[in-house]
1. State, as an integer percentage, the relative contact order of the chain based on alpha-carbon contacts under 8 Å between residues 6 or more apart.
2. Please give the peptides 79-85, 250-256 ranked by average Cβ packing (other Cβ atoms within 10 Å per residue), highest first, as a rough proxy for protection.
3. Can you give the Kirkwood hydrodynamic radius of segment 180-260 from its Cα pairs, in Å with one decimal?
4. Can you tell me which of 245, 70, 259 moves the most in a GNM of the chain? Springs connect C-alpha atoms under 10 Å apart.
5. What does the extension gain come out to for residue 83 and residue 275, with contour length at 0.36 nm per residue minus their alpha carbon separation?
6. FRET efficiency for residue 61 and residue 131, Cβ-Cβ distance as r, R0 = 25 Å, nearest 0.05?
7. Along the Cα→Cβ direction, 7 angstrom out, place labels at residue 123 and residue 32. What is the inter-label distance in nm?
8. Between residue 20 and residue 203, how many nm apart are label points set 7 Å from Cα along the C-beta direction?
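Each reported figure results from applying straightforward, stated rules to the coordinates on display, with no laboratory input. Keep in mind that what you see is a predicted model, and the values were worked out from it rather than measured. Reconstructed Cβ throughout: ideal geometry from the backbone, glycine too, with neighbour counts over all protein chains shown.
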């Protein structure tokens, strides 16, 4: 099976055994830089793998964290624009999803019904990073593509006490999530092509045969859902060179809900949005928010 092959090859390009996040000096020493290092941890009784990039930093410099969730079938493969994400100055984590039970693809959706293994995986990563590196725990972010975009909404619903903001492309979330309580406001950006042939922009759709996940929201409803959930009272919309940019502001906790509608775009990752690199658009949004 392609999935099994991808998981076995997650460490391709290196003959070294994956490293563990062993507790270290945290803020007492400058971190040792890493680029796409193969890592392993345990969560919910499972051994899980991820790639890790750690930038150069001064002793005591607290670093933000960005976790990037791959699309379906892409475990162990390069994340779109990963070289540019690696240059943001954040600790960047690329976790590998796995199939668990009868879930669709490699990320568990609608966590309250399907299990918490992936949420526990994220907590294990964050706890491990915090024990090893000088992490700014107020500046933890997530991004994702396709199925990984869908999982960013699990993060937003289940881990909003730890993540300050999420930004993703070409996903959505269940119409009726089993659990989505906000312990803390979280900023949300969603990017989507309005000609997406895989995950519809304007129509809700059934999530295949996985009844535990249920029907999924169309994108305008998704944006409205988060604008309402965060009690945003202002909305503005501007035309851009690639479509429309909608901003819901005056929200709880001074967060925002932003949406880039890419006119005529399909499901493929865009490398620029409104004449700006996609990485700059995503990181510019995420890094504007802090839990502190």
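1. On the way: 651 pairs, mean separation 44.4, N = 292.
RCO, the chain: 15 percent.
2. On the way: 79-85: 18.6, 250-256: 16.1.
So the order, starting with the most tightly packed, is 79-85, 250-256.
3. Numbers: mean 1/r = 0.0724 Å⁻¹.
By the Kirkwood definition, the hydrodynamic radius is 13.8 Å.
4. Most flexible of the set in this elastic network: 245.
5. Working: separation 192, 0.36 × 192 = 69.12 nm, distance 1.93 nm.
My answer for the length gained is 67.2 nm.
6. Details: r = 17 Å, r/R0 = 0.69.
With R0 = 25 Å, the Cβ-Cβ based efficiency is 0.90.
7. Distance between the two pseudo-spin positions: 3.0 nm.
8. So the label points at residue 20 and residue 203 sit 5.0 nm apart.
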